[in-house]
Each structure stands twice: as C-alpha cells, then as structure tokens.
Amino acid sequence: NAMKYLPNFFPKAALEKLFFCFPDPHFKRKNHPRRIVSERLLSEYAFLLKPEVGRLYCITDVKDLHDWHVEKCDAHPLFERLTEEEMEADPCVTLMKTETEEGKKVKREGRFGHDMYYQVYKRVDETLAANKEKVGLGSITAANFFGEGEFGVEVQ
C-alpha cells in the first residue's frame, strides 16, 4: 500500500536511486500483482526518479523473480538496462550484494543457493523514450491503474 501513496510523499524527479533488495517473491500466481515490480508501479517509480540520472536497483536470490523484474523493466519505455560494465563501476551494486542483511544471509546460508541475481536500470528521459520501439505509457490510465481483484477493486 505504501507504493500506492509514494507520489504523495515526493515531487516528480525527486529521487536518484530506488533499491529493491530481496523483496517478497509472492510465489503463488494469484499474488503476482502484489510484486514490487509491475508495469503500473514502474510508472510510479519513473515519476519519482530523475531522468537520465535516476537508477532502479533490483536484487534477489530467486531466479524466477529476477526474470520477472527483467521482463517488466525491459518492457517499460522509461527504463533502460545498464551494461555489465556500468553495473561493475557502480559501487551501489557491490554494496547491495555484500552489505545488506539479506545479501549477507544468502552468502552465509544460501537459502535458494548462493546465487544473487541483480539488474540496474537507468531512468530514461520521456523525449528519448518516445523514440524507442517499446509499448507506450498510453496503456496505463487512471481507470486501469489497479486491476480487478487488486487492492479491493471490483468491476461494476
């Protein structure tokens, strides 16, 4: 629910970094809409991040969840995947793998193995995004922001 109200706490383009470190994977299919990365929420995050400067960091120890994050972020017109070289040069990537509580726990216990999957995305400027061959934000409107069954929404 906090994500629903996030734009009320920060003005547009106020943040430079957003971190999603080891979020709840919501394994059951019926709970997938609750995942922290989705088409709708990515638009909220894009609103908050500074164009060309903003970064969205995702790390998990669940391969299926990582694949979900990559699929959703790659499809969004306002996010662009950083290269391996760009991620290696970013000290935040190393820190989220080694200094977060869950990162240390994965290394120590290896709940789902000892692998950590991560990806970083850059917030793209709207004018540049318009030139890309991605699905536009026109598909997200106030009427369809929350789907049926999400957060108590019912079709009338």
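For chymotrypsin sites (Phe, Trp or Tyr not before Pro), the sites in the stretch 1-97 that DSSP calls loop and that have at most 16 other Cβ atoms within 10 Å are Phe27. Label-to-label distance, Glu52 versus Thr98, with points set 7 angstrom from Cα along the beta-carbon direction: 3.2 nm. Show which aspartates and glutamates lie in cross-link reach of Lys17 when reach means a straight Cα distance below 16 angstrom and same-chain residues fewer than eight apart are skipped. Result set, ordered by chain and number: Glu44, Glu52, Glu80, Glu86, Asp90, Asp125.
With each label modelled as a point 7 angstrom along the Cα→C-beta vector, the Asp74-Arg34 pair spans 2.7 nm.
Report in % the part of the accessible area of the stretch 11-106 that belongs to carbon and sulfur, leaving out ligands and nucleic acids; probe 1.4 Å. About 52 percent, which is the carbon plus sulfur part of the accessible surface.
Residues Glu44, Glu101, Glu39, Glu52 ordered from highest to lowest accessible area at a 1.4 Å probe: Glu101, Glu39, Glu52, Glu44. The modelled label-to-label distance between Ala89 and Phe27, using points 7 Å beyond Cα along the C-beta direction, is 4.0 nm. Shape of the stretch 1-132 from its Cα gyration tensor (a ≥ b ≥ c, root eigenvalues): rounded if a/c is under 1.5, otherwise prolate when a/b > b/c, or oblate? It is prolate, given that a/c is not under 1.5 and a/b is the larger ratio. In this Cβ point-charge picture (+1 for Lys and Arg, -1 for Asp and Glu), the stretch 1-45 has a dipole of about 280 debye about its Cα centre. For His32, the accessible surface of its heavy atoms amounts to roughly 40 Å² (probe 1.4 Å, protein chains only, rounded to the nearest 10).
The loop-placed trypsin sites (Lys or Arg not before Pro) in the stretch 1-45, going by DSSP, that have at most 13 neighbouring Cβ atoms within 10 Å of their Cβ come out as Lys12, Lys28.
Which entries in the list Lys4/Lys104; Lys12/Lys72; Lys12/Lys104; Lys63/Lys107; Lys12/Lys63 go over 25 Å, if you measure between the two C-alpha atoms of each? Long pairs (Cα-Cα over 25 Å): Lys4/Lys104; Lys12/Lys104; Lys12/Lys63. Rank Trp68, Val53, His26 by how far each Cα sits towards the positive end of the charge dipole of the stretch 15-71 (+1 on Lys, Arg Cβ; -1 on Asp, Glu Cβ) and give me just the farthest. Farthest towards the positive pole: His26. Bridgeable aspartates and glutamates around Lys28 (alpha carbons under 14 Å apart, same-chain partners fewer than 8 residues away excluded): Asp64.
The values are calculated or read from the model by the stated rules, or taken from the named source; none is laboratory data. Bear in mind that the values here come from a model prediction, so they are computed numbers and not experimental data. Heads up, the Cβs are rebuilt from the backbone with ideal geometry, glycines too, and the neighbour counts pull from every protein chain shown. Calculation scope for accessible area: heavy atoms of the full protein, side chains included, ligands and nucleic acids excluded. Shrake-Rupley method; radii C 1.70, N 1.55, O 1.52, S 1.80 Å.
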